[in-house]
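Encoded as structure tokens, the structure appears first; notes follow it.
The values are calculated or read from the model by the stated rules, or taken from the named source; none is laboratory data. Every value quoted in this text rests on a predicted model; they were computed, and no experiment measured them. As a convention, Cβ positions derive from the backbone with ideal geometry for all residues, glycine included, and neighbour counts pool all protein chains shown.
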Amino acid sequence: MYKTDKKLFEYTAKMWTDNFAKESTVDDKVKKLMEMGFSEDMCKEALERYDFDENLALNYLLGGWVVIKDLIIRMVIGMQDRY
């Protein structure tokens with residue numbers, strides 16, 4: 001594409017950079033999760049819990065495997081405390 005249509009290449013490169021290559025702020029991440037219907041407090045808690053990783057926070061908010069993983073870790077830690 002670069003050699004045949006440089007203008008389209010530049011447009012695509014700019015769009016990709018704008019959408020994917022820029023680092024999001026914490027506020028941007030909170031806003032993005034809130035747009036999905038979660039409260040601000042829930043979003044902040046989920047992001048803090050997973051070191052501000054949007055995907056893990058969303059998975060947590062949706063009740064995905066992350067919740068199960070946390071339960072297993074807590075159970076293992078609890079079992080270690082007994083022995």
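Here's a check for you: in region 1-24, which residue that is in a helix (DSSP H, G or I) and of a type in the set (A, V, I, L, M) is surrounded by the fewest Cβ atoms within 10 Å (Cβ to Cβ)? The selected residue is ALA21.
All but one of (1) in contact with a Phe, Trp or Tyr (Cβ under 9 Å, 6 or more places away or on another chain); (2) surrounded by 13 or more Cβ atoms within 10 Å (Cβ to Cβ); (3) at pLDDT 90 or above hold for CYS43, so report the exception by its number. For CYS43, the failing item is (1). Can you find, within region 30-46, the residue that is nearest to LEU61 (Cα to Cα) among those that are assigned to a loop (DSSP other than H, G, I, E, B) and either in contact (Cβ under 8 Å) with a residue 12 or more places away in the chain or touching a Ser or Thr at 6+ places or on another chain (Cβ under 7 Å) (or both)? Ranking the candidates gives PHE38 first. Per this entry, GLY37 is counted among residues that are at pLDDT 90 or above and exposed (fewer than 10 other Cβ atoms within 10 Å of the Cβ). The selection criterion, being closer than 26 Å to GLY63 by Cα and surrounded by 12 or more Cβ atoms within 10 Å (Cβ to Cβ), does not hold for ASP27.
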